[in-house]
């Protein structure tokens, strides 16, 4: 008895010390010590923070069967039998149990009896392509940052090559002195593990970057993909150098800001002139392109004024007869309309517009719109296109 | 150049115009206004006529006709027919054209393989998540035509695909049905405009050519619409070119999809529902503006100032459309009489023969009544109708199906003599004129109550067999958007999270709760606060969508038949149930148009009663001579089982003191009609002592009498606390038996005739208004007339108010006396059975579940309280259905076992007896899951020591030649036997019933301060008590001003608690979700009725019981 008690104390001390050591590494741990792996795992789940199991039967008696994740159907039958704990299961003859409920029940019974030694399985963690670095002092210029980033890319690139992967997306996080951070994600136009390409993207971004706080650390995360080798179809062509194009865009972004660079796309709404700027897609499929094709415009091309010119419009029998604005003024020769549009009635910012196409005495064709009580000259039609 | 619509009267042009292509909400998700609203709006803006062209149907035509009459609008009938390549609106020019239209739609609808009638809106919260993944992306127009044009694919709208709702009309079948129809080229969904949208002018001409070939050169119009959208001028120009090229007239239409601009929001929500998307993602699927509303002639003249002939042609075309629903041409089938007989003479012969059976000696009074009725029936031409219903009753009799007529038919001695009804109207002094009168133009109403289930289905199928699938149909039942369904659809459209929609449904799914909580408060509780940017839209939409048609269902039993083809009277389509065909009109529409309906209603209690009587016959416990001596005549032909069954209702003694004693004690669980909590709370006050008291009891607990404040005056007068008075002494004969308080529809008619000089036809109008639940307006109109009549006669204003209130409250829901008598017969019979044939009664109720107010578990407990032993399911003893043993105990049938197939149950019964459990297993070969259920329930106990023993043993796989099987069985059992709580749990999870102790009995030791239900009678009034039990019923009647009634069952009976609205709102989740509750509050005793006024509510946790029997909630 004394031996058992002293062994328990020894294991407990060892466990306690291990937990403390792990805690020093910022790792929380619970430790179970038992005669075999399965039992030790169960013990670890119940440990606070260390549990040493010497009498398996006593320990297992109160453990609910559901805790050891049996197959649901087996669990249901045992539940119907009034067997809710491993201790109860252990009292059922094993052979009779297997006869009735099959080998899965036998395995469960074995666990209820304390299990058997088995080989441990190696579980590899999912490989992450992450590098981070904390500077001793806040940095003032981009050079030290670029130096560190190149080192990081070299490390990651090696690991990518080892895993037969390429980078599809990079996320750069700069930790700032006031515990804020700056984060930017980059889509790699042509996924690659080429350090130079990846570095140029980061470099271009940092070149135009001005921060209000000094960086104290940096973190780089790479999202890997398998390298793709695809044969183009007969009439399909890609950018000659997608990454170079991406880099050019990045330079533009650095110059004018991210909200001003991209591909214009009409929004799916009846509201006139609603569009947004989206990031260019380098990997769109033919199907996506087809779905996103905008509706063809009808009639003459309209040259929009952004912003539109406010106007005063005089109506005769509800038809615009005179217009006064910075752009045009005078009598209206002819007017076509109204064309009415409205939407988003479910929002507070619901909108409606009434549009007219007008012809001025000099033959100029313009579009007027009325929003609320205000009139605007929205644009002029390209008569030359007739 | 277009000219703006004038908001003021700038232009005095009053060009006449007729809107010939409108759609209502009966286009199901393609229109947003009720037909009544369209008619009202049309009248407001000066439209002389309106054609409704709903998609593939004339669903709303009768409603438009009725509303049109009220508003002075001519209702034109039309429909949009779905072809493979688009929808073509057609208008019925003549009666023949209308018949063709109905037949064509029916052909397309019935060609479909499936079952549902119309596209249904997605249900459930999951649908909200589904559509996100399926939301069309990058689709730039809601118009199918535009989409297809852009993609360059062949145009085919989703609606044109063959669905269960119907298949498209084929172009090649059109000529057969085109006579009398006029076609328009349609709107953007039409084939012509789809071709033009693809720049396919030749294709458009080909489409027009097909229309011309089918309908004739003079019967095709090129439709132009102008919705103030860019690009449409080009289309109009092409349409004008097309019309000129084809020498066809132009026709202007606004293609209204809603009555006013405001309803555009509803249309957008419906569009989202149709496309399984939400408003944020719908983009250009939504309407571009709100122009598709009804426009006035002046507006249309201005819109089409450049094409005046298009507007003028609408008037010309309207002039050609001579058909109206008045000339529907419906004829009820003729009854084939023997040679030498007319229907009149044959009816007389059958009536007199039946009367002699019913009455024995025909007294002068009986003869006079029969002569009077027969003469009137003959004059009105209804003899065939009576004979056909009689024939149907005969079929039921021959098939051994119990049948009883109800409704106003019970006022007819002819119906009684023919065996259609079971109550003698002469003995009961019922007014025949309530059923049939000289002034009546509509068909009388004969409803037949049948045992629900297979037996009723047999009768329905017989009607189909006799008249053919296109000669008979069920009437439709229009399912409308109610609180939960409306908010679910709105929530999905507004992109509320599935959690929010689910929370709203679970919090408010059991009622709309207008009493205490406004909609915005309900939304707040569901997680949408008032400041949410979309709350206002949700509330506004809710008000607009509530009550709009959602989909078409079938009426519970209303069948219509026709002389000739019914599909030429109205379109028919598949019902949800296999083998059923449903008409496009509901019962009110049919009644409006003089289409006769026979209600074949299924009553669970009829099935139970028939089964109970059968059991009595089998066990030799029928009604003895001594029992019936004091009552009515015994069955004439006792030799025939069914006849004995059919005459049972009439033969039971109706003055049985024990039966009335049970009613007075409110021990009426399981009894037809008087088992509800409200009925049980009234019975001790009502103290019924004769059959007519039961009639009143059945009629008085209805929303009509309750809202009309008739319940309490009646009970006070009955108890002698209030003198019996009358509105007027002249009303005394009609109101004397209800102590001066009008309780029945007949009495209200009489009051109107006496106090407001209503003529027969005016009284008929009032009767229709009372029966016509749909139209509040109709009721208000009659009330105005009634009030004016009474004022003319100088009736005191207080009395006028009282009478008007009574009439209005009856519009909510009130019973005709004859109907109450029919129900009271069954109610009394079932009560008598409960008292005198309890085993048969309870066994039959259990065999016919689900039915009635209470679960099987409550019925079993009630049976035990009444001394009936209920024995558990046993594979050795039980049949498929519940049976009665020699000791009068009920043996639960295998049918109560959840998940047990009837085929397996019958296999068990056939394989009996079993030598052992192994023998049972080998010879039944049931699936392991079934064996487990049976073992867990204790159904194998006769073959094993106890449930766990059986559970252990059945897991062994048996082989026929296993020599050691017995040795296995004899081995020691390692499992302990179930305790009482485990048994209850197993019973509830496996069958929903336990024959063991009530769960509260098992908990009682833990609950020393909880009063038992049976002990409450001893608690002094006002004493604060705590009651606890299983919640068997939660109710919040519309008449109770937000109060909630909760019934808790324990091992001694049922205790009732009343919750004030504020307490309920505070504890809503607790009250609605917890299966066991403890309620604390003062006891209230009032005239033998005991309840606890809840002050505090808490859950009663019964950890061991995860399964509980169902409760009856908020019905």
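Compared with the dominant Cα axis of chain B, that is its longest principal axis, helix B:797-812 is turned about 90°. Here r is the Cβ-Cβ distance between residue A:41 and residue B:1017 and R0 is 51 Å; the resulting FRET efficiency, rounded to 0.05, is 0.25. Computed on the Cα atoms alone, the convex hull of segment A:38-179 gives a volume of 229 cubic angstrom per residue. How big, in percent, is the set of alpha carbon pairs in segment B:246-337 lying more than 17 Å apart? Result for the distance tail: 68 percent. Packing-based ranking of B:47-55, B:304-312, B:480-488 yields B:47-55, B:480-488, B:304-312, ordered from highest to lowest mean Cβ neighbour count within 10 Å.
Extension gain for the segment residue B:480 to residue B:929, taken as residue separation times 0.36 nm less the Cα-Cα distance, is 157.5 nm to one decimal. Convex hull volume per residue, computed on the Cα atoms of segment B:370-466, equals 97 Å³. Over the residues of chain B, the helix contribution to mean residue ellipticity at 222 nm works out to -13000 deg cm²/dmol, using -39500 (n - 2.57) for each DSSP H run of at least 4.
Residue ranges B:836-846, B:244-254, B:287-297 sort as B:836-846, B:287-297, B:244-254 when ordered by packing (mean number of other C-beta atoms within 10 Å per residue, highest first). The stretch between residue A:275 and residue A:123 holds 49.8 nm of extra length on full extension. This uses 0.36 nm per residue minus the Cα-Cα distance. As a ratio to 2.2 N^0.38 Å, the alpha-carbon radius of gyration for segment B:983-1115 is 1.02. Which residues in segment B:1062-1106 have a backbone N closer than 14 Å to a point placed 7 Å from the Cα of residue B:865 along the Cα-to-Cβ line? Residues B:1089-1091 fall inside that zone. Look at B:429, B:656 and count the other Cβ atoms within 10 Å of each Cβ; fewest to most, that gives B:429, B:656.
Using only the alpha-carbon atoms, how far is helix A:37-46 inclined from the longest principal axis of chain A? Give it as 0 to 90 degrees, nearest 10. For A:37-46 against chain A, the angle is about 70 degrees.
So the label point goes 7 Å from the Cα of residue A:241 along Cα→C-beta, right? Which residues of segment A:174-192 then have their backbone N under 19 Å from it? A:187-192, by backbone N distance to the label point. Shielding value for B:222-233 is 3, the average number of Cβ atoms from other chains within 10 Å of each residue's Cβ.
In chain B, the longest principal axis of the Cα atoms and the axis of helix B:776-792 are about 80 degrees apart.
Each of B:1032, B:73 was scored by other Cβ atoms within 10 Å of its Cβ. Arranged with the fewest first, they read B:73, B:1032. For chain B, the average shadow cast by the Cα convex hull is 51.1 nm², which is a quarter of the hull's surface.
Mark the label point 7 Å from the Cα of residue B:213 along Cα→Cβ and return the residues of segment B:171-197 whose backbone N is within less than 12 Å of it. What the label zone holds, given the 12 Å backbone N cut-off, is B:171-175. Between residue A:147 and residue A:263, the FRET efficiency from the beta-carbon distance, with R0 = 51 Å, is close to 0.90.
When each of the peptides A:128-137, B:223-232 is scored by how many other beta carbons lie within 10 Å of its residues on average, the order from highest to lowest is B:223-232, A:128-137.
Mind pulling the per residue volume of the convex hull built on the Cα atoms of the protein assembly as shown? Å³ is fine.
269 Å³
By the compact-protein rule of thumb, 2.2 N^0.38 Å, the alpha-carbon radius of gyration of segment B:177-310 corresponds to a ratio of 1.13. Beta bridges per DSSP, both residues in chain B: antiparallel share near 65 percent. The C-alpha atoms of segment B:824-871 occupy a region whose extents along the principal axes are 30, 22, 15 Å, arranged from largest to smallest. Residue by residue along A:312-318, Cβ atoms of other protein chains within 10 Å of the local Cβ number 2 on average. Take each residue of peptide B:281-290, count the partner chain Cβ atoms within 10 Å of its Cβ, and average: the result is 5.
Counting neighbouring beta carbons within 10 Å and listing from fewest to most, the residues B:555, B:1030, A:85, A:329 come out as A:329, A:85, B:555, B:1030.
Any read-out appearing in this document is the output of simple, stated calculations on the displayed coordinates, not a laboratory observation. This is a predicted model, so every value here is computed, not measured. Using ideal geometry, Cβ is built from the backbone for each residue, glycine included, and neighbour counts are taken over all protein chains shown.
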